[in-house]
Each structure stands twice: as structure tokens, then as C-alpha cells.
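I have placed the structure first, in the form of C-alpha cells, so that the comments after it can refer back to it.
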Amino acid sequence: MATKISIIGYGTMGKAISEALKRNDKNINIFAVDVKKPSKEILGHNISESDFVILAVKPFDAKGAIEE
């Protein structure tokens, strides 16, 4: 079974984390969430179903991202 990882904040750091994870583990599903660039692929994804959630946002955006 694939590991499900959600990355909240898919800017430079979120993309780098995603690429490193994919490079090291082919049995992984990554769902990227970026408020500035919404993706239709993730609309049906429930973050609470993820095995891991990575918060990759700037510190001043963290509170808003967590609340949302």
C-alpha cells in the first residue's frame, strides 16, 4: 500500500520536498495543496486521510494555512 503524504504549500520548498520523496520512494502518493495555485486533482482529497502532512509555508502564513 502506498504512503499518502499531503504537502500544504507547494512553492519552492514544497516542490523540493516532493521531488526528494519521489526520488527515494516510488510507492508514495503526494497531494500538494497551494492556495495561490489550486489544482483540480486535489479537490476530492481529504487531508485527514493522509499518513503524513507536511506544512511547507512561510512562518507568517502558517496560522492561516493551519486554520484553513
Residue in region 1-30 that is nearest to GLU49 (Cα to Cα), counting only those that are touching a helix residue (DSSP H, G or I) at 6+ places or on another chain (Cβ under 9 Å) and open to solvent by 50 Å² or more (accessible area, probe 1.4 Å): LYS4
Selection count, region 49-68, where residues are surrounded by 12 or more Cβ atoms within 10 Å (Cβ to Cβ) and either under 18 Å from SER18 (Cβ atoms) or in contact (Cβ under 8 Å) with a residue 12 or more places away in the chain (or both): 10
Residue pairs meeting the criteria (Cβ under 8 Å; at least 6 apart or on separate chains; first part of a strand (DSSP E or B), in region 1-21; second of a type in the set (Ser, Thr, Tyr) and open to solvent by 10 Å² or more (accessible area, probe 1.4 Å)): LYS4/SER50; ILE5/SER50; SER6/SER50
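To keep it simple, each residue is scored yes or no on (1) assigned to a helix (DSSP H, G or I); (2) over 13 Å from GLY14 (Cα atoms); (3) of a type outside the set (Phe, Trp, Tyr); (4) at pLDDT below 80.
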{"position": "ASN29", "(1), (2), (3), (4)": "no, yes, yes, no"}
{"position": "PRO38", "(1), (2), (3), (4)": "no, yes, yes, yes"}
{"position": "SER48", "(1), (2), (3), (4)": "yes, yes, yes, no"}
{"position": "ILE54", "(1), (2), (3), (4)": "no, no, yes, no"}
{"position": "VAL57", "(1), (2), (3), (4)": "no, no, yes, no"}
{"position": "GLY64", "(1), (2), (3), (4)": "yes, yes, yes, no"}
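The values are calculated or read from the model by the stated rules, or taken from the named source; none is laboratory data. None of these values were measured; they are calculated from a predicted model. For neighbour counting, all protein chains shown are included, and Cβ atoms are generated from backbone atoms with ideal geometry for every residue, glycine included. For accessibility, only protein heavy atoms count, side chains too; no ligands or nucleic acids. Shrake-Rupley method; radii C 1.70, N 1.55, O 1.52, S 1.80 Å.
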